[in-house]
Amino acid sequence: PGASSAPDQRLASFAMCGLNRQVLGTVVLALSIGIALILLFAGSIIDNNWITMIQLVPLFGAPIAVVVMNWASPDMTTEDERQLAWMNMGGCVLGVILSCFLGLPLVLLHTSSIKEAGFWFWISSTVVGFAGIGAYSKLTKAAEE
């Protein structure tokens, strides 16, 4: 038996407090999205330019893909068909998300539609949001194993 790593020990201490990885992942996701929204609002307030709020459109529109896929999935008979459909939908959604969250701020900064401070708040908001999603995914996947 090897020594466990420090992050595993911290997660074990959360488990002893009654928090399992699923709950911990949900808490981390909620906190990261909250921080991302605060950064987005702060950038808008500092620049006095609310165009960065356009990021909320793909953020809240992304769950539509989940609804559509779940609606269409009863026609798919095997798990392989569902997995392939999710991979195709995921590739499309990932392209839209990267275009909106990374490309759009660069275009708006280049055209002077937003100031540099608003740009960096927008990018920081995106990074924090994606980090939270990644942490949630890692924690909940570990909970399934």
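What follows draws every value from the coordinates through simple rules; no lab data is involved. Bear in mind the structure is a predicted one, so any value in this text is a computation, not a measurement. Reconstructed Cβ throughout: ideal geometry from the backbone, glycine too, with neighbour counts over all protein chains shown.
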Query raised in the report: Given labels modelled 7 Å from the Cα in the Cβ direction, how far is it in nm from VAL27 to LEU102?
Result: 3.1
Report task. Could you give me the percent of Cα pairs per 5 Å distance bin for the stretch 84-145, shortest bin first, beginning at zero and ending with the bin that holds the maximum distance? Result -> 4, 16, 17, 19, 18, 12, 8, 5, 2, 0
Query raised in the report: Taking 0.36 nm per intervening residue step and subtracting the Cα-Cα distance, what contour gain separates CYS92 from MET53 on full extension?
Result: 11.8 nm
